[in-house]
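> What follows is a structure written as structure tokens; I'll ask about it next.
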Amino acid sequence: MTNEPTPTAGTLGQFLDRRWLQLTLIAWAVIAIWFVFDRWGAIRWFALGDTDDNMRMMQVRAWLNGQGWYDLRNYRLNPPAGFDIHWTRLVDLPIAGLILILRPFAGPVWAERLAAGIAPLLPMSVALIGISLTLRRLISPFAWPLGIVLLLGSSVTLLMYMPERIDHHGWQLAFLSLTVAGLADPRGARGGAVVGLSSAASLTIGLEMLPYAAMAGAILALRWVQTRDEAQRLAVYGLTLAGGSALGFAAFGSYGNRVLRCDALTPVWLTVMIVAGTFLFLLARLNPEKRGVRFGFAVVAGALIGAGFAIVFPQCLGRPEQVSPELAQNWLNNVREAKPIFKHPLRTGLSIATLPVVGMLGAIFATWRARGTPRFNGWLPVALFLSFGTLMLLWQVRAGPAAQLLAIPGAAALLWLLVPMTLGHKSVLVRVFGTVAAFLIASGMVTGLLLQAFPGVAKPKPWVARVNKATGRCVTMPAMAPLDRYPAQTIFTFIDLGPRLVTLTHHDAVAGPYHRNGDAILDVQHAFGRSPAEARAIMKRHGATLLLLCPNMAESTNYRARNPGGFYDQMAKGAAFDWLTPLPMPKGSPLRLYRIS
């Protein structure tokens, strides 16, 4: 950017410049304390709202209770064999550490609750540091506070850092923030190392950020093609990507991830990362003078990696989950967050996409303004990366948190340009209302205000509220607690209820929404969708002695809609079967419990 203050612009400017890291961490601490206070009810009631959060806690519990470091088999779902989950223990470390620290002071129950409240806020500090670094490098040494403000306004990104959101998404977003800071780093070796190590750490956690890691590598390769002075950045990136992935696999790769599967950092993707990193390192070392030759080498390297992957790992050319066609059709293809943004309600789409679109336009404009200056070399790769993140929404809406996080530099650039113009205007109306309007538009918050002003936009259907109420009530501690009055046994219940059941009670369940648990998922679907006789046979085969239902839960509506006249549809209509005996639950309970005979 141009016409910006220098680091000697004043005492406040010097303070913001020299103390940016300490001030960023102080701001994070204040934000963290506020969210713990604001979400204390969720912490108190152990409101792990997502199935993955519950399963993460079960994974941590198993490890603290003596299960092996590399053994990630969950034995509480689909007992007695259980199933291997595709995660690693990297994200377990801070949660387990907090539990061990808090146990002597709070006891085992409250240690878990407090750890689940605090742990999601830890990666926010890393994300804020990455954002601050990026804004300091691209806009001004004094611009980093804008990143903190904009993160607090990013609706879906911020949810990944809320207390009880203990799954891995917050950490992957934190590493993504560092990736952007590395792309913007004027020092080649340091920037390449940050991008390589951040990508390796994210891939060690899971493959959700694989497209972003691939795009970051492609951008660095293109920088080298454009300017051979970028060879050191590319060489260090290749080494750290390959070495970091190898270290991550050696330290965190579970027994279940040591086979040629496609859904995690297994030998499949480890091979790809090592080969890709090695190729990039060799290209940087060769570093031919002619740009056309560099481009040709990059194309050949990419083609060799792609062809080799197709030849050696053909099983991974399709869906990485490698599920059966029936499971894909009945379950995986219908996961809402895996659908593109244009297949979601208008209200949802607008609230997610506004900030990414504004940020993308801001980044493109900032890149154009920076042409002819040293910052152009930082803005161009970041603008490409931000645009890629926004376009990912057209693939899956689950890209929303990443897209909003990536949009922050572009949105901050717009604010850095517009706010001085409005504040310096001679009209008081422009100074006041223009500044407010500029902030609301650049931050994307204008969408939220418009949706509140026009609540009829894409108004949800009445049955949605009924389903949401049932889904929310059935997973609460008060609803689940009475189940522990019965001796521990295997309960047959909905797939989305399984992880919460095993987390809050001493009972086991049959299935959870995890693709490696695919056979059990199909058994649950078949039981609820087919005849009562088939349902009983499936329950017996799994050793289930209790049946637990949550009427009107979201999953239950699918069984009724797809299988009219099936077992669950009959149950919902009040049918009784001599092999099911209703068991008492507290008055007003949203759950229905039956003994299977």
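> Please compute the contact order of region 478-526 in relative form: average sequence separation of alpha-carbon pairs under 8 Å and at least six residues apart, divided by the residue count, as a percent.
34
> Ratio to report: Rg/Rh of region 113-240, with Cα atoms as the point set and Rh obtained by the Kirkwood method; give two decimals.
Here the Rg-to-Rh quotient is 1.01.
> Please arrange Tyr514, Tyr255 by accessible surface area, largest first, computed with a 1.4 Å probe and ligands excluded.
Output order, biggest surface exposure first: Tyr255, Tyr514.
> Another question, if that's okay. Take the Cα pairs of region 327-397, get the Kirkwood Rh, then feed it into Stokes-Einstein at 25 °C and 0.890 mPa s and tell me D in µm²/s.
179
> Between Ile26 and Arg369, with labels modelled 7 Å along Cα→Cβ, what's the label distance in nm to one decimal, could you check?
2.9
> With respect to the cross-link table entries Lys343/Lys469; Lys469/Lys540; Lys469/Lys573, which display a Cα-Cα separation exceeding 27 Å?
Lys469/Lys540
> If you restrict to DSSP beta bridges whose two residues both lie in the chain, what percentage is antiparallel, to the nearest 5?
65
> How many Å³ per residue does the convex hull of the Cα positions in region 478-597 occupy?
Value for region 478-597: 100 Å³ per residue.
> Take the alpha carbon gyration tensor of region 341-461, find the square roots of its eigenvalues, order them as a ≥ b ≥ c, and report rounded if a/c is under 1.5; if not, report prolate when a/b exceeds b/c, else oblate.
In terms of gyration-tensor shape, oblate.
> Express in nm, to one decimal, how much length is gained between Trp45 and Leu346 on full extension, taking 0.36 nm for each residue of separation and deducting their alpha carbon distance.
105.1 nm
> I've got another one for you. Could you size up the charge dipole of the chain around its Cα centre, putting +1 on the beta carbon of Lys and Arg and -1 on that of Asp and Glu, and report it in debye to the nearest 20?
Taking the Cα centre of the chain as origin, the dipole is about 820 debye.
> Find how many whole Å separate the alpha carbon centroid of region 199-242 from the alpha carbon centroid of region 287-324.
14
> Students often get this wrong: which residues of region 36-68 have the backbone nitrogen under 15 Å from the point 7 angstrom along Cα-to-C-beta of Trp110?
40-41, 43-46
> Give the shape of region 1-120 as rounded, prolate or oblate, defined through the alpha-carbon gyration tensor: a ≥ b ≥ c are the square roots of its eigenvalues, a/c under 1.5 means rounded, and otherwise the shape is prolate if a/b is larger than b/c and oblate if not.
prolate
> Okay, next question. Tell me, what HN-Hα J-couplings in whole Hz come from the Karplus equation 6.51 cos²θ - 1.76 cosθ + 1.60 at θ = phi - 60° for each residue of region 100-106, using x for Gly and Pro?
Using θ = phi - 60°, the values come out as 5, 5, 7, 3, x, 9, 10 Hz.
> Here's another thing I want to ask about it. Report, in degrees rounded to the nearest 10, the 0 to 90 angle that the Cα long axis of helix 169-184 makes with the longest principal axis of the chain.
Compared with the principal axis, the helix lies near 10 degrees.
> So how exposed is Phe281, as accessible area in Å² (1.4 Å probe, rounded to 10)?
60
> Next question. Beyond 19 Å, what share of the Cα-Cα pairs of region 390-449 is found? Please give it as a whole percent.
When every Cα pair of region 390-449 is considered, 42 percent fall beyond 19 Å.
> Summarise the accessible area of the chain (1.4 Å probe, protein heavy atoms) by the percent that is carbon and sulfur.
The value for the chain is 66 percent carbon and sulfur by accessible area.
> Give the separation of the Cα centroids, region 457-533 to region 362-396, in Å.
For region 457-533 versus region 362-396, the Cα centre distance is 44 Å.
> From Cα pairs below 8 angstrom and at least 6 apart in sequence, can you work out the relative contact order of region 357-509, rounded to a whole percent?
Relative contact order, region 357-509: 17 percent.
> Please arrange Arg228, Arg136 by accessible surface area, largest first, computed with a 1.4 Å probe and ligands excluded.
Correct descending sequence by accessible area is Arg228, Arg136.
> Using the heavy atoms of the protein chains and a 1.4 angstrom probe, tell me the accessible area per residue for the chain in square angstrom.
Result: 44 Å² per residue.
> Normalised by the residues of region 120-259, what does the relative contact order come to in percent, with Cα pairs under 8 Å and at least six apart?
Rounded, it is 24 percent for region 120-259.
> While we're on this one: Which distance in nm do the two modelled labels at Phe15 and Lys469 give, with both placed 7 Å along the Cα-to-Cβ direction?
Going by the 7 Å Cα→Cβ label model, 5.2 nm.
> Turning to a different aspect of this structure: What's the Kirkwood radius of region 238-304 in Å, using all Cα pairs?
One decimal place: 13.0 Å for the Kirkwood radius.
> Rg to Rh ratio, the chain, alpha-carbon atoms and Kirkwood radius?
In the chain, Rg relative to Rh is 1.00.
> Next up: Over what distance in Å are the Cα centres of region 266-285 and region 27-71 separated?
One Cα centre to the other: 35 Å.
> With all protein chains present, calculate the accessible area of Asp508 using a 1.4 Å probe and round the result to the nearest 10 Å².
Only protein atoms counted, so the area is about 40 Å².
> Roughly what would the spin-label model give for Ala218 and Ile305, points 7 Å off Cα along C-beta, in nm?
1.1
> Suppose we keep just the alpha-carbon trace of region 168-256; what are its Rg and Dmax in angstrom?
12.8, 43
> Here's a follow-up. By how many degrees, between 0 and 90 and to the nearest 10, does the Cα long axis of helix 400-423 differ from the longest principal axis of the chain?
Approximately 40 degrees, to the nearest 10.
> With the cut-off at 1.5 for a/c, could you classify region 147-305 from its C-alpha gyration tensor as rounded, prolate or oblate?
Cα axes put region 147-305 in the oblate bin.
> Specify the angular offset, from 0 to 90 degrees and rounded to the nearest 10, of the alpha carbon long axis of helix 20-38 from the longest principal axis of the alpha carbons in the chain.
20
The values are calculated or read from the model by the stated rules, or taken from the named source; none is laboratory data. Just so you know, these numbers come straight off a predicted model, no measurement behind them. Reconstructed Cβ throughout: ideal geometry from the backbone, glycine too, with neighbour counts over all protein chains shown. Heads up: the accessible areas ignore ligands, DNA and RNA and are worked out on the full protein's heavy atoms, side chains in. Shrake-Rupley method; radii C 1.70, N 1.55, O 1.52, S 1.80 Å.
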